[in-house]
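Peer 1: This is the structure I want to talk about, given as structure tokens.
FYI, it's all coordinate maths here, none of it is from the lab. Predicted, not measured: the structure shown is a model, and the values here were computed from it. Neighbour counts are summed over all protein chains in view; Cβ atoms, including those assigned to glycine, are modelled from backbone coordinates with ideal geometry.
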Amino acid sequence: MEYAKEYSSKLISPDEAAMLIKSGDWVEYGVCSIVPQAVDKALARRMPKLEDVKFRGGILLDVPEIFKIEDPGAHFSWNSWHMSAVERRAQDMGFAYYAPIRFSELPRYYLENVKKVDVMVIQVAPMDKFGFFSFGISTCHYAAAIEVADIVVIEVNRNLPRCIGGKDSSVHISEVDYIVEGDNPPLRQMPSVEPDIVEASIAKQIVPMIPDGACLQLGIGGLPNAVGKLLAESGLRDLGIHSEMYVDSYVLLEQKGIVTGKKKNINKGVQVYSFAAGSQRLYDYLDLNPNCCTMPVDYVNDPRVIAQLDNFVSINSAVDMDLYGQVNAESAGFRNISGAGGQLDFVLGAYLSKGGKTFICMGSTYVDKKTGEMRSRIRPTMREGSAVTDTRANTQYICTEYGCVNLKGLTSWERAEAIIGIAHPDFRESLISEAEKMKIWRKSNRR
């Protein structure tokens with residue numbers, strides 16, 4: 001092989017890779033299944049000797065070995081672009097922090113604003129005959145991070161799919177400083193969440209509003225699965241996919257013949273995504289699949305790109321919202337839950353699309369874990385400390401199990417009336433009273 005000699009000269013052990021990381025370093029660790037495993041184990045052995053190592057990563061699908069050392073916060077911090085349950089627990093332990101940003105901005109942020117990337121270490125697929133290592137199922141922002149990193153370490157995993165994509169979906173051996181060959185473990189998976197009754201009810205309201213030839217973006221969780229299952233039985237034709245995250249529902253739709261991409265204005269016939277997380281079935285499906293194309297987030301999530309796709313339909317979830325139409329999809333008061341991710345990117349892009357629609361969905365209530373009481377997800381005002389992911393000027397369709405309402409262009413009192421109309425009936429009267437105090441409810445609205 002043409003690059004065999006260069007490959008051999010850059011090959012080091014996981015322990016040697018771990019020795020490259022020093023106290024005070026900024027270390028790129030990747031997201032989802034790209035997070036290293038062999039180097040992570042070696043670094044966990046070294047970490048007790050280090051201080052103030054600062055990691056960047058996100059959407060962890062299981063617990064890294066470095067998290068398991070004694071008193072991790074004394075040695076490093078984890079700085080997440082988007083938190084998972086693993087990172088929430090680390091946050092509660094005091095060594096994980098969220099970095100608020102729209103995902104579409106990540107590559108530019110690295111190229112223009114990141115002052116220090118000491119070491120980058122991520123998993124990649126095996127080298128091809130041209131000397132390229134595919135980033136596999138997570139292209140995200142890695143090309144930009146590599147460009148500014150002082151030391152680039154790649155950990156080759158033969159189980160990582162080679163995913164077809166553009167120039168930023170792989171790294172050439174000439175850009176790599178060191179190569180590690182690990183134990184080729186199976187990829188970390190994200191279990192498919194079965195939709196509950198509420199999510200199924202919301203999906204039933206959305207699917208009839210999706211036309212033939214629409215282009216879809218689905219978020220994460222039970223609701224996208226519910227929408228996917230209904231779409232598979234809907235009789236719709238020629239749907240397209242352009243989505244930050246590729247999920248199992250898309251595989252089902254393509255195999256049912258519903259997804260063809262024939263009506264897409266750009267990337268016709270191709271399913272475009274930035275990263276994927278799900279079952280092994282999904283990973284196998286993406287391996288060298290010419291129907292799918294992975295691209296960086298500054299392309300996939302760019303509202304200007306999304307706007308070029310007619311009849312774009314964006315479907316995402318929320319934690320709660322207020323009577324002004326402000327949506328929180330990332331925190332519970334001061335506790336960060338996930339992140340802004342690409343939700344606002346797709347809310348903006350979908351509305352700019354000709355015939356586009358953007359849906360924010362949530363169950364009308366939740367059960368307070370501390371008291372066992374039912375609470376409304378629709379609140380008079382945002383809970384103290386909660387983030388606003390989607391501003392009131394940008395929200396369009398809001399859906400609960402009690403209905404879907406379009407807030408675009410409504411006055412404050414019209415919004416309050418529409419939103420209260422899809423709240424749980426047990427909370428509507430109290431919400432009306434609060435809206436009256438806030439001067440956003442007309443007395444003549446009372447029946």
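Peer 1: Sort Tyr98, Tyr3 by Cβ crowding within 10 Å, fewest neighbours at the top.
Peer 2: Details: Tyr98 23, Tyr3 17.
In order of increasing Cβ crowding within 10 Å: Tyr3, Tyr98.
Peer 1: For the stretch 196-303, what are the per-bin percents of Cα-Cα distances with bins 5 Å wide, up to the bin holding the maximum?
Peer 2: Calculated over all Cα pairs of the stretch 196-303, the distribution is 2, 13, 24, 26, 20, 11, 3, 0 percent.
Peer 1: Would you grab the residues whose amide H sits under 5 Å from the one on Arg377? Only those 5+ places off in sequence or on another chain, please, with H modelled 1.01 Å from N.
Peer 2: Thr365, Tyr366
Peer 1: To continue, here is another question. Using a Gaussian network model on the chain with a 10 Å cutoff between Cα atoms, which of Arg392, Arg88, Arg281 fluctuates the most?
Peer 2: For the chain, modelled as a Gaussian network with Cα springs under 10 Å, the answer is Arg281.
Peer 1: Under 5 Å between amide H atoms, partner at least 5 residues away or on a different chain: which partners does Tyr97 have, H built in plane at 1.01 Å?
Peer 2: Long-range HN contacts for Tyr97: Trp78, Asn79, Ser80.
Peer 1: Step through the residues of the stretch 415-423 one at a time and calculate ³J(HN,Hα) from phi using the Karplus curve (6.51 cos²θ - 1.76 cosθ + 1.60, θ = phi - 60°), rounding each to whole Hz and writing x for Gly and Pro.
Peer 2: So the J values, rounded to whole Hz, are 4, 4, 5, 5, 5, 4, x, 10, 7.
Peer 1: Each label point is 7 Å from the Cα along the Cα-to-Cβ direction; what then is the distance between the points at Thr391 and Ser13, in nm?
Peer 2: Placing both labels 7 Å along Cα→Cβ, they lie 5.5 nm apart.
Peer 1: Count charges around Gln37 for me, please; just the other residues with Cβ under 11 Å from its Cβ, Lys/Arg as +1, Asp/Glu as -1.
Peer 2: Neighbourhood net charge equals -3.
Peer 1: Here is a further query. Comparing Val31, Val124, Val63, which has the greatest mean-square fluctuation in the GNM of the chain with Cα pairs linked when under 10 Å apart?
Peer 2: Taking springs between Cα atoms under 10 Å, the residue moving most is Val63.
Peer 1: For the pair Met374/Ser77, report the inter-label distance in nm, with labels modelled 7 Å from Cα in the Cβ direction.
Peer 2: 4.2
Peer 1: Then there is this: What is the fewest-to-most order of Thr381, Thr294 by other Cβ atoms lying within 10 Å of their Cβ?
Peer 2: Details: Thr381 12, Thr294 28.
Taking fewest neighbouring Cβ atoms as first place, the list is Thr381, Thr294.
Peer 1: What whole-number distance in Å separates the alpha-carbon centres of the stretch 155-217 and the stretch 230-251?
Peer 2: That distance is 14 Å.
Peer 1: Could you run the Karplus curve 6.51 cos²θ - 1.76 cosθ + 1.60 with θ = phi - 60° over the stretch 93-102 and give me ³J(HN,Hα) per residue in whole Hz, x for Gly and Pro?
Peer 2: 7, x, 10, 10, 9, 9, 10, x, 6, 6
Peer 1: Give the Cα extents of the stretch 4-181 along the principal axes, in whole Å, largest first.
Peer 2: Per principal axis, max minus min of the Cα coordinates gives 45, 34, 30 Å.
Peer 1: So who's got an amide H within less than 5 Å of the one on Cys292, skipping anything under 5 residues away but keeping other chains? H placed 1.01 Å off N, in plane.
Peer 2: Gln271
Peer 1: For the stretch 197-445, report the convex hull volume of the alpha-carbon atoms normalised per residue, in Å³, without decimals.
Peer 2: Values: hull volume 31.8 nm³, N = 249.
So the per-residue Cα hull volume is 128 Å³.
Peer 1: Using a cut-off of 10 Å between beta-carbons, work out the net charge of the residues near Lys264 (Lys and Arg +1, Asp and Glu -1, Lys264 not included).
Peer 2: Here the count lands on +1.
Peer 1: In a Gaussian network model over the chain where Cα atoms closer than 10 Å are linked, find which of Lys437, Lys262, Lys369 has the largest mean-square fluctuation.
Peer 2: Of Lys437, Lys262, Lys369, the most mobile in the Gaussian network model is Lys369.
Peer 1: Another question, then. Where the only charges are on Cβ atoms (+1 Lys, Arg; -1 Asp, Glu), what is the dipole of the chain about its Cα centre, to the nearest 20 debye?
Peer 2: 1480
Peer 1: For the pair Leu352 and Met438, what calculated FRET efficiency results from E = 1/(1 + (r/R0)^6), where r is the Cβ-Cβ distance and R0 = 35 Å, to the nearest 0.05? Don't jump to the answer; show the numbers that get you there.
Peer 2: Details: r = 31 Å, r/R0 = 0.88.
It comes out at approximately 0.70.
Peer 1: Take the eigenvalues of the Cα gyration tensor for the chain, scale each by 5, and report the square roots as semi-axes in whole Å, largest first. Could the numbers behind the result be given before it?
Peer 2: Numbers: eigenvalues 318, 138, 61 Å².
With the √(5λ) rule applied to the chain, the semi-axes are 40, 26, 17 Å.
Peer 1: Just to be sure I understand the model, the point goes 7 Å from the Cα along the line to the Cβ. What's the resulting Lys268 to Leu288 distance in nm?
Peer 2: Computed distance between label sites Lys268 and Leu288 equals 2.8 nm.
Peer 1: Pick out, from Phe133, Ser274, Leu253, the residue whose Cα sits farthest towards the positive end of the charge dipole of the chain, with +1 on the Cβ of Lys and Arg and -1 on the Cβ of Asp and Glu.
Peer 2: The listed residue farthest towards the positive side: Leu253.
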